[in-house]
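*Asks:* Below are the structure tokens for one structure; questions will follow.
The values are calculated or read from the model by the stated rules, or taken from the named source; none is laboratory data. Please read all numbers here as calculations on a predicted model, not as lab measurements. All Cβ positions, glycine included, derive from the backbone under ideal geometry; neighbour counts span all protein chains shown. Calculation scope for accessible area: heavy atoms of the full protein, side chains included, ligands and nucleic acids excluded. Shrake-Rupley method; radii C 1.70, N 1.55, O 1.52, S 1.80 Å.
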Amino acid sequence: MIAFTTGILSGVWGWLAITFGLIGWAGFLGYAICFSSPISGLRGLWITALTCCTGVFWAEVILLGSALTPGWSFMGYLLTGAVAFLMCIQSLHQWLAFIPGTFIGAGATFAAQGNWQLVLFSLLLGLLFGYAMKISGLWLMQKHQLRNLLREQGKAIEIAKTTHSRSEGS
């Protein structure tokens, strides 16, 4: 069922991205962040969004810091190492504990050449789409399972009635 809702909402996302000039692949990364989060529900959505935002922030720190010393490339490498350390150490705080979200946010910012505003909006909107895909798919699956359960119970009741009426007739 999640495949069904993911397919429909991915098509909607594609249209929105083209229509409003969003970064389509960043929205898909938003789905990936949502689907890979080990924490479900609104708490998981919130943690994932926060880590994604911090990743965008850390990428900007690296990009801006590296631009301060353009002739000294090793400074950029040192800064990248220090920031990567901070990206991991921030996970000690429970609301920033989803490290993949941080790295996906940073990677998307690098890939978009520092256009952090558009990356952030596209990632977060994609994250909401991913959440909608997951929730609606699970809802459809529950409806399907309930219908199957009721169908099976109906069959069991029919068998019981048939068995009962046969035993009374003997």
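*Asks:* So what does the Cα-only Debye profile of segment 1-78 read at q = 0.12 Å⁻¹, as log10 I(q)/I(0), no solvent term?
*Replies:* -0.53
*Asks:* Work out the length of the dipole vector of the chain about its Cα centre, built from +1 on the beta-carbon of each Lys and Arg and -1 on the beta-carbon of each Asp and Glu, and round it to the nearest 20 debye. Let's see the in-between values first.
*Replies:* On the way: 8 positive and 4 negative charges, 121 e Å.
That gives the chain a dipole magnitude of about 580 debye.
*Asks:* Relative contact order of the chain: what whole-number percent is it, with Cα pairs under 8 angstrom and at least 6 residues apart? It would help to have the intermediate numbers written out before the result.
*Replies:* Numbers: 185 pairs, mean separation 64.3, N = 170.
Result for the chain is 38 percent.
*Asks:* Could you run the Debye sum over the Cα atoms of the chain, one equal point scatterer each and no solvent, and tell me log10 of I(q)/I(0) at q = 0.08, 0.11, 0.18, 0.21 Å⁻¹, two decimals?
*Replies:* Here log10 of I(q) over I(0) equals -0.38, -0.57, -1.06, -1.25.
*Asks:* Return the FRET efficiency for the residue pair LEU140, CYS88: r is the Cβ-Cβ distance, R0 is 25 Å, and the value is rounded to the nearest 0.05.
*Replies:* Values: r = 37 Å, r/R0 = 1.49.
It comes out at approximately 0.10.
*Asks:* Taking +1 at the Cβ of each Lys and Arg and -1 at the Cβ of each Asp and Glu, which of PHE121, ILE8, TRP25 sits farthest along the dipole of the chain towards its positive end, judged by Cα position relative to the Cα centre?
*Replies:* After comparing all options, I get ILE8.
*Asks:* Further question on the same structure: Rounding to the nearest 10 and keeping the result within 0 to 90°, find how far the Cα-based axis of helix 99-111 lies from the longest principal axis of the chain.
*Replies:* With rounding to tens, the tilt is 60 degrees.
*Asks:* Right, here's the next one. Multiplying the sequence separation of VAL61 and ILE157 by 0.36 nm and subtracting their Cα-Cα distance, what value in nm do you get?
*Replies:* Working: separation 96, 0.36 × 96 = 34.56 nm, distance 6.64 nm.
Full-extension gain reported as 27.9 nm.
*Asks:* Roughly what angle does helix 24-36 make with the longest principal axis of the chain, taking Cα atoms, 0 to 90 degrees, to the nearest 10?
*Replies:* So the helix axis and the longest Cα principal axis differ by about 60 degrees.
*Asks:* Helix 41-68 versus the longest principal axis of the chain: what angle, 0 to 90°, nearest 10, using Cα atoms?
*Replies:* Compared with the principal axis, the helix lies near 20 degrees.
*Asks:* At a threshold of 8 angstrom on Cα-Cα distance, excluding pairs fewer than six apart, so keeping six or more, what relative contact order does segment 1-90 reach in percent?
*Replies:* Numbers: 30 pairs, mean separation 12.8, N = 90.
Value for segment 1-90: 14 percent.
*Asks:* In sequence order, what are the phi-derived ³J(HN,Hα) couplings for segment 79-86 according to the Karplus relation 6.51 cos²θ - 1.76 cosθ + 1.60 with θ = phi - 60°, rounded to whole Hz, with x for glycine and proline?
*Replies:* 4, 4, x, 5, 5, 4, 4, 5
*Asks:* Using a Gaussian network model on the chain with a 10 Å cutoff between Cα atoms, which of ILE135, ILE99, ILE18 fluctuates the most?
*Replies:* Fluctuation is largest for ILE18.
*Asks:* Please grab the % of Cα pairs in segment 93-135 that end up more than 13 Å from each other. Display every interim value, and only then the final one.
*Replies:* On the way: 543 of 903 pairs.
Value for segment 93-135: 60 percent of Cα pairs lie more than 13 Å apart.
*Asks:* Rank these by accessible area, largest first, 1.4 Å probe: HIS144, HIS93. Don't skip to the end; give the middle numbers.
*Replies:* Numbers: HIS144 70, HIS93 100 Å².
Of HIS144, HIS93, the descending order of accessible area is HIS93, HIS144.
*Asks:* Still on this structure, please answer the following. With a 1.4 Å probe and all protein chains left in place, how much of the accessible area of the chain comes from carbon and sulfur atoms, in whole percent?
*Replies:* With neighbouring chains kept in place, the figure for the chain is 73 percent.
*Asks:* Give me the 1.4 Å probe accessible area per residue for the chain, excluding ligands and nucleic acids, in Å².
*Replies:* Values: 10190 Å² over 170 residues.
The answer is 60 Å² per residue.
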